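Asker: I have a structure I would like to understand better, so I am pasting it below and will then ask my questions one at a time.
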Amino acid sequence: MRKVLVHICCAPDAFYFLKRFREENPDSELVGFFYDPNIHPYEEYKLRYQETERTCRELGIELIEGEYDVEEWLRSVKGLEYEPERGERCSVCFDFRLERSAKLARDLGCTAFTTTLLMSPKKKFSQLKESGEKVASKYGIEFIAVDYRKGGGTQEMFRLTKEKEIYQQDYCGCIYGLFQQKEERSLFDLVSTFGRRPGSKEERLFIKEVRTHAELLELPTKEIEFPFLGWIPLEGGLWVKGEPVPSFIRPYSQSIRGKVRADVERIVGNTLYLNKQFVRIILLEEFRDLPLKEPEIATYPTFLVPQDYRETLLQNRIDARLRAEFVNSTSSLLIIGTYEAREFVGIPADTLQDGRGFASDDVKAFMERNIELIKDGYISLVLLGAHSIGRVGQRVFEEILGRSLEYTLDYGTALLDPKLL
Ligand code: SF4
């Protein structure tokens with residue numbers, strides 16, 4: 001039996017390619033190699049690797065993860081930053097990844113190698129073939145250039161990606177392609193805030209990690225993606241006499257024009273209203289972020305501040321700055337267990353701005369402790385995306401399944417077993 005190394009770029013391209021390649025080459029043993037230091041940012045790389053791991057496990061194909069040597073990759077394409085996609089930068093990128101793949105193939109005793117990049121509808125087949133054959137001859141092995149895109153292959157690839165609920169990226173991978181494709185919107189792919197904000201790559205990665213673990217435990221899973229109005233804070237804060245005042249920015253706060261200097265003009269309960277640009281300050285006994293129970297429609301620029309600062313704020317002029325963007329976002333909810341479970345337990349998938357939320361290891365341990373209850377249909381778990389900004393995932397769950405969650409755990413609480421809830 002001959003051994004063939006398959007360089008893998010992402011799970012959507014890999015699933016159909018590997019399946020078909022194995023069917024057409026029953027006498028070949030396949031080894032997958034995920035080698036993609038071109039992918040930016042690192043969270044996106046992790047997400048694509050996570051989904052590739054899930055794909056290879058389902059297909060029973062060994063997978064090796066290559067090094068994430070992003071700096072070396074960046075050096076290799078220096079001077080080609082403004083090249084269009086399919087241009088010279090892409091040739092160098094293919095050479096870089098395929099050279100390392102060919103070397104590993106030879107070291108592992110493979111007589112041939114190929115790449116799932118050949119499946120990608122946006123890549124030039126001839127460019128990939130040329131690169132693959134060049135590096136293959138250097139290492140004395142064969143490059144197998146198969147075009148599975150023809151004859152409905154691309155459509156079948158998209159169908160399988162949807163059916164298997166595989167993460168489908170919306171840009172090729174590198175930072176330059178990202179800028180060219182999304183222009184100023186690429187900022188939202190690159191800005192990484194603390195924790196797992198609603199609709200972020202971190203939140204998606206958390207859901208995928210937990211899903212992978214549930215599948216390893218042979219629990220049924222169903223992931224449902226949904227769109228929502230996202231909100232991303234870019235910068236902001238409060239100052240008195242040049243000194244910063246500790247604050248969190250409440251989600252759905254609109255931007256302030258420039259920097260505003262204002263006074264408190266009205267006090268209602270624990271809320272201070274300033275006399276310019278609708279700025280609001282909510283004073284908290286305990287300084288921490290508060291999840292929104294309902295989606296916010298009134299978009300006052302709002303800061304959460306410790307109660308101790310009340311007198312300082314009342315007696316001084318306050319400087320405030322805030323820049324935030326409203327964006328079309330997507331998130332998802334993950335159901336672990338059956339739809340007919342007696343009880344559904346909701347677990348927020350995102351975290352609050354102060355970092356409170358559930359760790360994936362705790363959720364995995366919770367699943368393991370309660371595996372029989374989940375398998376017997378006593379409970380199902382629901383990971384809820386975008387929960388902190390108005391329980392969006394929970395609303396989608398209720399709308400789609402037509403039933404309510406029996407429990408939804410609060411951020412920062414212990415993952416108690418169902419009998420204790
Ligand atoms: S656009 Fe894609 S193929 Fe081209 S250099 Fe960037 S990551 Fe590589």
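Nothing in this text is a laboratory measurement; each read-out follows from the coordinates by a stated rule. Everything quoted here is computed from the prediction, not taken from an experiment. Note that each Cβ is placed from the backbone with ideal geometry, even for glycine, and that neighbours are counted across all protein chains shown.
Asker: Against the longest alpha carbon principal axis of the chain, how many degrees, from 0 to 90 and to the nearest 10, is the axis of helix 42-59 turned?
Answerer: That helix lies at roughly 50 degrees to the long axis.
Asker: Semi-axes of the equivalent ellipsoid of the chain: what are they in whole Å, largest first, if each equals the square root of 5 times a C-alpha gyration tensor eigenvalue?
Answerer: Values: eigenvalues 414, 163, 52 Å².
After diagonalising the Cα gyration tensor, the semi-axes are 46, 29, 16 Å.
Asker: Here is the link list: Lys19/Lys208; Lys46/Lys293; Lys19/Lys162. Which ones come out longer than 19 Å on Cα distance?
Answerer: Those over the limit are Lys19/Lys208; Lys46/Lys293.
Asker: Normalised by the residues of the range 230-327, what does the relative contact order come to in percent, with Cα pairs under 8 Å and at least six apart?
Answerer: The normalised contact order for the range 230-327 reaches 46 percent.
Asker: What percentages make up the Cα-Cα pair-distance distribution of the range 252-393 when the bins are 5 Å wide from 0?
Answerer: Going from the shortest bin to the longest, the percentages are 2, 9, 14, 16, 14, 12, 9, 8, 7, 5, 3, 1, 0.
Asker: Picking from Gly153, Ile166, Leu63, whose Cα lies most toward the positive end of the charge dipole for the range 50-183 (charges on Cβ: Lys, Arg +1; Asp, Glu -1)?
Answerer: Farthest towards the positive end: Gly153.
Asker: Expressed as an acute angle from 0 to 90° and rounded to the nearest 10, what is the orientation of the C-alpha long axis of helix 11-24 relative to the principal long axis of the chain?
Answerer: Helix 11-24 sits at roughly 20 degrees to that axis.
Asker: While we're here: Say R0 is 35 Å: what FRET efficiency, to the nearest 0.05, do Glu183 and Asp27 get from their beta-carbon distance? List each step's numbers first, then the result.
Answerer: Numbers: r = 48 Å, r/R0 = 1.37.
Approximately 0.15, to the nearest 0.05.
Asker: Send over the semi-axes of the range 2-190's equivalent ellipsoid, whole angstrom and largest first, taken as the square roots of 5 times the C-alpha gyration tensor eigenvalues.
Answerer: 24, 20, 15
Asker: How high is the relative contact order of the range 183-276? Use alpha-carbon pairs under 8 Å, at least six apart in sequence, and give a whole percent. Walk me through the intermediate numbers first.
Answerer: Details: 47 pairs, mean separation 11.5, N = 94.
That works out to 12 percent.
Asker: Calculate how steeply helix 392-401 sits against the longest principal axis of the alpha-carbon atoms of the chain, using the helix alpha-carbon long axis, and give the answer as 0 to 90 degrees to the nearest 10.
Answerer: 70
Asker: Which percent, nearest 5, of DSSP beta bridges in the chain are antiparallel?
Answerer: Counting only bridges with both partners in the chain, antiparallel ones make up about 55 percent.
Asker: In a GNM of the chain with a 10 Å cut-off on Cα contacts, which of Leu117, Leu383, Leu74 has the highest mean-square fluctuation?
Answerer: Looking only at Leu117, Leu383, Leu74, the biggest GNM fluctuation is shown by Leu74.
Asker: Roughly speaking, what is the centre-to-centre gap between the range 4-26 and the range 163-197 when only Cα atoms are used, to the nearest Å?
Answerer: About 24 Å separates the Cα centre of the range 4-26 from the one of the range 163-197.
Asker: Hey, with R₀ at 56 Å, roughly what FRET efficiency would Leu160 and Val240 work out to, going by the Cβ-Cβ distance, to 0.05?
Answerer: Given R0 = 56 Å and the Cβ-Cβ separation, E is 0.45.
Asker: Distance in nm between label sites at Arg257 and Ala365, each 7 Å beyond Cα in the beta-carbon direction?
Answerer: Modelled inter-label distance: 5.3 nm.
Asker: Right, another one. Considering only the other residues whose Cβ falls under 13 Å of the Cβ of Phe397, what net charge follows from Lys and Arg at +1 and Asp and Glu at -1? Working shown, then result.
Answerer: Numbers: positive: Lys222, Arg391, Arg395, Arg403; negative: Glu223, Glu225, Glu398, Glu399, Glu406.
Counting the neighbours of Phe397, the net charge comes to -1.
Asker: Which ³J(HN,Hα) values, rounded to whole Hz and listed in residue order, are derived for the range 289-297 from phi using the Karplus coefficients 6.51, -1.76 and 1.60 in 6.51 cos²θ - 1.76 cosθ + 1.60 with θ = phi - 60°, glycine and proline given as x?
Answerer: These are the phi-based 3J(HN,Hα) values: 6, 10, x, 7, 7, 10, x, 8, 10 Hz.
Asker: Name the residues whose placed amide hydrogens come within less than 5 Å of the amide hydrogen of Trp231, ignoring near sequence neighbours (fewer than 5 apart) on the same chain.
Answerer: Answer set, sorted by chain and number: Val327.
Asker: Turning to a different aspect of this structure: Report the percentage of all Cα-Cα pairs in the range 12-104 whose separation exceeds 19 Å, rounded to a whole percent.
Answerer: Within the range 12-104, distances greater than 19 Å cover 49 percent of Cα pairs.
Asker: Can you classify the range 257-307 as rounded, prolate or oblate using the Cα gyration tensor, where a ≥ b ≥ c are the square roots of its eigenvalues, rounded means a/c under 1.5, and otherwise it's prolate if a/b beats b/c and oblate if not?
Answerer: Oblate shape, in that a/c is at least 1.5 and b/c is the bigger or equal ratio.
Asker: Continuing with the same structure: Is there a quick way to get the dipole size of the chain? I mean about its Cα centre, with the Cβ of Lys and Arg at +1 and of Asp and Glu at -1; what is the value in debye to the nearest 20?
Answerer: Its charge dipole is roughly 960 debye.
Asker: So, one more: With a cut-off of 8 Å between alpha carbons and a minimum separation of six or more residues, what is the relative contact order of the range 2-190 in percent?
Answerer: 29
Asker: ³J(HN,Hα) across the range 197-205 via Karplus (A = 6.51, B = -1.76, C = 1.60, θ = phi - 60°), whole Hz, x for Gly/Pro?
Answerer: For the range 197-205, the Karplus curve yields 7, x, x, 7, 5, 5, 5, 5, 5 Hz.
Asker: Please state, to two decimals, what the Cα-based radius of gyration of the range 230-327 comes to when divided by 2.2 N^0.38 Å (N = residues).
Answerer: Computed over Cα atoms of the range 230-327, the ratio equals 0.99.
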